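The values are calculated or read from the model by the stated rules, or taken from the named source; none is laboratory data. Please read these numbers as outputs of a predicted model, since none were measured by experiment. Here the Cβ positions follow ideal geometry from the backbone for every residue, glycine too, while neighbour counts run over all protein chains shown. Heavy atoms of the whole protein, side chains included, go into the accessibility calculation; ligands, DNA and RNA do not. Shrake-Rupley method; radii C 1.70, N 1.55, O 1.52, S 1.80 Å.
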Amino acid sequence: AKRLFLNFHPAAVNAPATFEPALAALGEDLRQADISPRDLVCEFTEHEATAPDALRHFVYALRARGFLIAVDDFGAAFSDPDRIARLTPDIVKLDGALARRHLDSEDGFNELSRIVDTFRRQGIRCVIEGLETMRQVDLARRTGAHFLQGFALAPPQAAPGDFTALIAASRNEPYTGRIAAWN
């Protein structure tokens, strides 16, 4: 299955009165494009939430509509175990700098594997970001991570303004494996 990741800045989520109309509009846009909410991952970027209770309510509202939740840059400043416990994401994206540091040594690799395994046992899928070499890709794959991302897999490219044709074409592609590249 292909997933579209939509980034949200946690500080922008201040109150239900501000985000309920936006969620209704998003739902309508997805219906018109024939995209299921389960195909959209609402990703919370690496920033401190100015209204943590409103952010939890926003995540609840997203889940109630069927959206998946992701936390970006785990291991960086604000994406820590407390944030994971508060947001209960479906997907955690491990910070690229953290991943590269851990992939430089056997002890680091073992620690990264433990992190991935801990999330797996919690029912959370992991993305290892920031992979720049095929050696890093091979090691990251061996951690058991669900997804891999980085320049070694695919360079960044401009996204189309309209995803309708891309999504329609992707529905006919067979699933070829666990490794995915999202840039």
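Residue count for region 114-163, restricted to those that are farther than 17 Å from GLY96 by Cβ and in a helix (DSSP H, G or I): 6.
If we only count strands (runs of 3 or more DSSP E) wholly inside region 3-78, which ones have 3 or more residues that are touching a Leu at 6+ places or on another chain (Cβ under 7 Å) and under 13 Å from PRO89 (Cβ atoms)? Steps first, answer last, please.
Values: elements: 4-8, 40-44, 68-74.
Filter on region 3-78 gives 40-44, 68-74.
Scanning region 43-88 for residues that are charged (D, E, K, R), modelled with pLDDT of 85 or more and closer than 12 Å to PHE8 by Cβ turns up GLU43, ASP72. For region 32-74, a residue qualifies if it is under 29 Å from ALA97 (Cα atoms) and aromatic (Phe, Trp, Tyr), and the qualifying residues are PHE44, PHE58, PHE67, PHE74. Taking every residue in region 98-118 that is over 17 Å from LEU148 (Cα atoms) and pairing it with any residue that is acidic (Asp, Glu) and not in a helix (DSSP H, G or I), at least 6 positions away or on another chain, yields no pair with a Cβ-Cβ distance below 8 Å. Within region 29-71, the residues that satisfy the criterion of being under 20 Å from THR18 (Cα atoms) and hydroxyl-bearing (Ser, Thr, Tyr) are THR45, THR50, TYR60. Taking region 116-151 as the range and being open to solvent by 30 Å² or more (accessible area, probe 1.4 Å) and among the aliphatic types (A, V, I, L, M) as the test, only MET134 passes.
Any residue at all in region 100-113 that's under 27 Å from ASP29 (Cα atoms), assigned to a loop (DSSP other than H, G, I, E, B) and either open to solvent by less than 10 Å² (accessible area, probe 1.4 Å) or of a type in the set (Gly, Ala, Ser) (or both)? Break it down into steps so the answer makes sense when it comes.
At the first step, the residues of region 100-113 found to be under 27 Å from ASP29 (Cα atoms) are none.
The answer is no; no qualifying residue exists.
Output the number of residues of region 79-98 satisfying the condition of being aliphatic (A, V, I, L, M), assigned to a helix (DSSP H, G or I) and within 15 Å of the chain's Cα centre (by Cα). The qualifying residues number 2.
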